[in-house]
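The values are calculated or read from the model by the stated rules, or taken from the named source; none is laboratory data. Bear in mind the structure is a predicted one, so any value in this text is a computation, not a measurement. Neighbour counts are summed over all protein chains in view; Cβ atoms, including those assigned to glycine, are modelled from backbone coordinates with ideal geometry. For accessibility, only protein heavy atoms count, side chains too; no ligands or nucleic acids. Shrake-Rupley method; radii C 1.70, N 1.55, O 1.52, S 1.80 Å.
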Amino acid sequence: MKPELRELYQQIILDHNRAPRNFKQVDGANRVAQGHNPLCGDKLQVYLRVSDDDVIDDIGFQGSGCAISKASASLMTEALKGRSIEQAEDLFEKFHRMVTGNASEPNGQKLGKLAAFAGVKQFPARVKCASLPWHTVRAAIENVASPVSTE
Amino acid sequence: MKVAPAVGTDRRAAGSSTSFDVERIRRDFPILSRKVNGKQLVYLDNAATAQKPEAVIEAVRQYYAHENSNIHRGVHFLSEHATALYEQARERARAFLGAAEAREVVFVRGTTDAINLVSHGYLRPRLEQGDEVLISAMEHHSNIVPWQMVCEERGAQLRVIPMTEAGELILDAYEELLSQRTKLVAVGHISNALGTVNPVKWMAAKARERGVPILVDGAQAAPHVPIDVRDLDCDFYAVSGHKMFGPTGIGLLYGRAELLESMTPYQGGGDMIRTVAFEGSTYAPIPSKFEAGTPNIAGVVGLHAAIEYLDAVDRVSMVEYERELLQYAIDVIGGIEGVRLIGTASDKAAVVSFLVDGIHAHDVGTIVDQEGIAIRTGHHCAQPVMDFYGVAATARASFALYNTKEEIDTLVAALRAARGVFG
């Protein structure tokens, strides 16, 4: 594979696309949101069970879409499980800045496995695929009713 | 599947595809020699827009360098010259479409603009509550939304001719759907998502029997098949310049003279008037009535050059060449394990839409892009078609007269490699 493509379709992304983690609905979910990218057809639902002291006890997602969006959702749920709402919102900001090329640390240092998406900024048409799950989870946290998109 | 013999070709007598010199044609298109991502450009997104021959590029450059002026106004040399260029282009467009009179050809921005013009100027004043507008299941959004808008406004119904799994219109259903309340039929000549060639001449005849006018969306047809609006006997025909090797921002609307004359103007302003006073204004005759403001003169000049370019190509052998290319693409792309073709009508042109098992269309597009290959992935402005097949998106390779079998082979190799990556 060409180096540029390898930047985008890293092994971890291919792996999470093939076998997405937390690909499930969540028992007792108290925050739910839908995300949809009409331009390419990525669709997902995000489910959260948030405790009384604002900790994400469980998180899952369902839906269909491209490899980037599916892997992003999968890695996102791994990154957010057990975190506080505040930490989740902070991670959203950092992730979004990284994929849109606005980060102070362009290679996603401090983002752990999420750094796998650092290559997305070279593929502007795919940025929305990577950020859709994050927009959706933020909508779930804020209990926004209608489906969100990245438009 | 096998595609039907090329429309309008006598295969015994006509020039064979071996007389079609694609390498010479390719040299006419400067962009085809460029590289993308370090690889030779393989441009297979012609249904989205076509590339431009040097003759078109040069015509536009020449116009701006030596001939630019506003039209229909001045008495000075450049203005009269530009006006002549504009009206000569209109006459050439008339011949290209097979219309009877040049005044039946309106210069518009493109097919979308043309359809909106007809929706606003023809249908809106006539449509009443309970009336119907009949479109097909395979239409581009531009041949759906304008009708939805006017139906919603007037309390009318949009009815849809169904299609088969192969992507062919169910013509019995069409006949049944043509009712007393149908005020217009709007149908695509060639589907951009599926490549289906619809029997628009037959459909126009059926509509005429019921006294129902028909609009044909010819955006995908103009680059591939000869158009003769009198032979089709349609009431409106729309094309986009940029899909037929001309500039963007220019298109043609053909309308029968008596219909155009009966229509209310779409946009008001300069050039579409006869007299203007604050107490009231009178309108210009057709087609000027629909050409408000300074038009895209350079676009018209470029479109004229594109029509001349197409007219100079041996159309019969071009059609035969494209038919062979399409059949080859269907065979080799369809032959890849895990690939499913979408749109398998027996009469097809220029488009191969497909799904790759286990790989979302978007990922297919990104991967082949790295090999310099331009295909389109998504819903192709035809979300109802995607819904029909139960998919979010397809990958689409669409061809023009400058594409080659080698290019299709390059795509196939890239698709096989993509399957390897995703396992």
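Considering region B:373-392, the residues that are open to solvent by less than 10 Å² (accessible area, probe 1.4 Å) and within 11 Å of chain A (Cβ to nearest Cβ) include one that is nearest to residue B:413 (Cα to Cα), namely B:378.
Flag: residue A:97 does not match the condition of being of a type outside the set (A, V, I, L, M), outside any helix (DSSP H, G or I), buried (at least 16 other Cβ atoms within 10 Å of the Cβ) and more than 14 Å from chain B (Cβ to nearest Cβ).
Within region B:207-229, if we keep just the residues that are assigned to a helix (DSSP H, G or I) and out of contact with any Phe, Trp or Tyr (no Cβ under 7 Å at 6 or more places or on another chain), the residue that is nearest to residue B:147 (Cα to Cα) turns out to be B:207.
Conditions (1) under 28 Å from residue B:247 (Cα atoms); (2) over 19 Å from the mean Cα position of the chain (by Cα), marked per residue:
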| residue | (1), (2) |
| --- | --- |
| B:274 | no, yes |
| B:293 | yes, yes |
| B:305 | yes, no |
| B:331 | no, yes |
| B:335 | no, yes |
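Looking at region B:393-423, which of the residues that are within 12 Å of another protein chain (Cβ to nearest Cβ) and not in a helix (DSSP H, G or I) is most open to solvent (accessible area, probe 1.4 Å)? Filtering region B:393-423 for residues that are within 12 Å of another protein chain (Cβ to nearest Cβ) and not in a helix (DSSP H, G or I), the one most open to solvent (accessible area, probe 1.4 Å) comes out as B:423. Taking the stated definitions as given, is residue A:2 free of Cβ contacts under 8 Å to residues at least 40 places away in the same chain and either surrounded by 16 or more Cβ atoms within 10 Å (Cβ to Cβ) or within 12 Å of another protein chain (Cβ to nearest Cβ) (or both)? Spelling it out, residue A:2 is indeed free of Cβ contacts under 8 Å to residues at least 40 places away in the same chain and either surrounded by 16 or more Cβ atoms within 10 Å (Cβ to Cβ) or within 12 Å of another protein chain (Cβ to nearest Cβ) (or both).
Only one entry in A:30, A:37 is over 25 Å from residue B:366 (Cα atoms) and either more than 12 Å from the chain's Cα centre (by Cα) or among the basic types (Lys, Arg) (or both), namely A:30.
More than 13 Å from chain A (Cβ to nearest Cβ), at positive phi and open to solvent by less than 30 Å² (accessible area, probe 1.4 Å): does that describe residue B:350? Criteria met by residue B:350.
To keep it simple, each residue is scored yes or no on (1) among the small types (Gly, Ala, Ser); (2) surrounded by fewer than 23 Cβ atoms within 10 Å (Cβ to Cβ); (3) more than 24 Å from residue B:92 (Cβ to Cβ).
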site	(1), (2), (3)
B:211	yes, yes, yes
B:228	no, yes, no
B:262	yes, yes, yes
B:265	no, yes, yes
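Among the residues of region A:125-151, those identified as modelled with pLDDT of 90 or more and either within 14 Å of another protein chain (Cβ to nearest Cβ) or crowded, with 22+ Cβ neighbours inside 10 Å (or both) are A:126, A:127, A:128, A:129, A:130, A:131, A:132, A:133, A:134, A:136, A:137, A:140. Does any residue of region B:357-366 turn out to be within 11 Å of another protein chain (Cβ to nearest Cβ), buried (at least 24 other Cβ atoms within 10 Å of the Cβ), charged (D, E, K, R) and in contact with a strand residue (DSSP E or B) (Cβ under 9 Å, 6 or more places away or on another chain)? Yes, region B:357-366 has at least one match. Could you tell me whether any residue of region B:197-204 is farther than 28 Å from residue B:320 by Cα and surrounded by 24 or more Cβ atoms within 10 Å (Cβ to Cβ)? No: zero hits.
Can you tell me how many residues in region A:21-75 are open to solvent by less than 20 Å² (accessible area, probe 1.4 Å) and either among the polar types (S, T, N, Q) or within 14 Å of chain B (Cβ to nearest Cβ) (or both)? Total satisfying the criteria: 15.
Looking only at residues in region A:76-85 that are open to solvent by less than 10 Å² (accessible area, probe 1.4 Å) and not polar (S, T, N, Q), which one is nearest to the other protein chains (Cβ to nearest Cβ)? Ranking the candidates gives A:76 first.
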